[in-house]
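*Asks:* Can you keep this structure in mind? I'll have questions shortly.
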Amino acid sequence: MASGELTSGAYIKHHLQNLTYGKFPDGHWGFADSALEAKEMGFMAFHVDTLGFSFVLGALFLFFFARAAKRASIDAPSGFQNFVESIIEFIDENVRGSFSGKNPMVAPLALTTFIWIILMNTMDLVPVDWLPSLALALGIDFLKVVPTTDPNATFGMSIGIFLLILYYSIKEKGLGGFVGELTLHPFGKWMLPFNFFLEGVNLLAKPVSLALRLFGNMYAGEMIFILIALLPFWIQWSLSLPWAIFHILIVLLQAFIFMTLVIVYMDMAHQKEH
């Protein structure tokens, strides 16, 4: 859809609206035709576009990496095999540098978050009107193509990491050790309520910071692309190309930061000295 077919405000709102499926106030289920209907569906509505793109990109990641593993050759490695091996070596170096415990799951977890987030972030480089226009031609009113610009996706990942942090904290330190860490550190037993407040805030800040950092940076980048699309055609290319090149760094950097924090948080969950 061309930006000229809508007012600037309506164009921006349209591109920021998810394809939402949920339960209407009258009890029937269906897709929302407006932001107001999506709001009326409440918390249990599904963002179909976020879920769809996330699953498709995750499936592509698994398919190509599994294919590289099955076709791996020592004598004559392909270019893609070398590429995958370089990524794995990069992840392995980061895990060995930041994780001091022993857990064979940490490296695959870091690899999965890194590649999956890169793929989701890269959708931000697709011109903002291409896929929504195709969807509109197929009768789909809304389509938000960048999963990481949806806080539901970023919080979903960060909450999953948070549950792993809790699990391994209790597994490695025991329930008593974990509770003691929350209540006795850093100021000892005489400051127990204050300790619990500080450590509780610190613990809960981990999933919130993970989710909001990724969401905020990608949402801002997508918003700039949308604003550029509102400009005259001859200006769009002069601004969108430099911003896209710069945004590649953001795409990679945000994935790297998320992955690094996951490794660090998992390392903290395995530390027993407290």
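Each reported figure results from applying straightforward, stated rules to the coordinates on display, with no laboratory input. Worth saying up front: this structure is predicted, and the values here are computed from it rather than measured. Cβ placement follows ideal geometry from the backbone for every residue including glycine, while neighbour counts extend to all protein chains displayed.
*Asks:* Under a GNM of the chain (C-alpha, springs under 10 Å), which listed residue has the highest mean-square fluctuation: ILE170, ILE235, ILE161?
*Replies:* Looking only at ILE170, ILE235, ILE161, the biggest GNM fluctuation is shown by ILE235.
*Asks:* Then there is this: Mean-square fluctuation check for the chain, GNM, Cα pairs under 10 Å: which of GLY27, GLY177, GLY42 is largest?
*Replies:* Highest fluctuation of the listed residues: GLY27.
*Asks:* Do the sum for the chain: with -39,500 (n - 2.57) for every DSSP H run of n ≥ 4, divided by all residues, what is the mean residue ellipticity at 222 nm, to the nearest 500 deg cm²/dmol? If you can, show how the numbers build up before the last one.
*Replies:* Details: 9 runs with 192 residues, N = 274.
Rounded to the nearest 500, the figure is -24500 deg cm²/dmol.
*Asks:* Related question: Provide the net charge surrounding ILE257, with neighbours chosen by a C-beta distance below 14 Å and charges set as Lys +1, Arg +1, Asp -1, Glu -1. Could you put the intermediate results ahead of the total?
*Replies:* Working: positive: LYS206, ARG213; negative: none.
Within the 14 Å Cβ shell, the charges total +2.
*Asks:* Give the lysines reachable from LYS23 as a straight Cα distance under 18 Å; neighbours fewer than 8 places away on the same chain don't count.
*Replies:* List returned: LYS39.
*Asks:* Taking K and R as +1 and D and E as -1, what net charge do the other residues with C-beta under 15 Å from the C-beta of PHE99 add up to?
*Replies:* Numbers: positive: ARG96, LYS102, LYS272; negative: ASP92, GLU93, GLU172, ASP267.
Summing Lys and Arg as +1 and Asp and Glu as -1 gives -1.
*Asks:* Let me ask something additional. Count the net charge of all other residues whose Cβ sits under 10 Å from the Cβ of VAL146, scoring Lys and Arg as +1 and Asp and Glu as -1.
*Replies:* Numbers: positive: LYS144; negative: ASP49, ASP124, ASP150, GLU222.
It works out to a net charge of -3.
*Asks:* Label points 7 Å out from Cα along the Cβ direction at SER209 and PHE194: separation in nm?
*Replies:* 2.2
*Asks:* Taking R0 as 41 Å, what's the FRET efficiency between ARG67 and SER238 from their Cβ-Cβ distance, rounded to 0.05? Can you show the working numbers first?
*Replies:* Numbers: r = 40 Å, r/R0 = 0.97.
So the FRET efficiency works out to roughly 0.55.
*Asks:* Rounded, prolate or oblate for segment 195-274? Axes are the square roots of the Cα gyration tensor eigenvalues, ordered a ≥ b ≥ c, and the cut-off for rounded is a/c under 1.5. If you can, show how the numbers build up before the last one.
*Replies:* Details: a/c = 6.94, a/b = 2.79, b/c = 2.49.
Prolate.
*Asks:* Cross-link candidates for LYS102: which lysines have Cα within less than 29 Å, leaving aside residues fewer than 8 places away along the same chain?
*Replies:* LYS70, LYS171, LYS173, LYS206, LYS272
*Asks:* How far is the Cα center of segment 1-61 from the Cα center of segment 117-164, in Å?
*Replies:* For segment 1-61 versus segment 117-164, the Cα centre distance is 11 Å.
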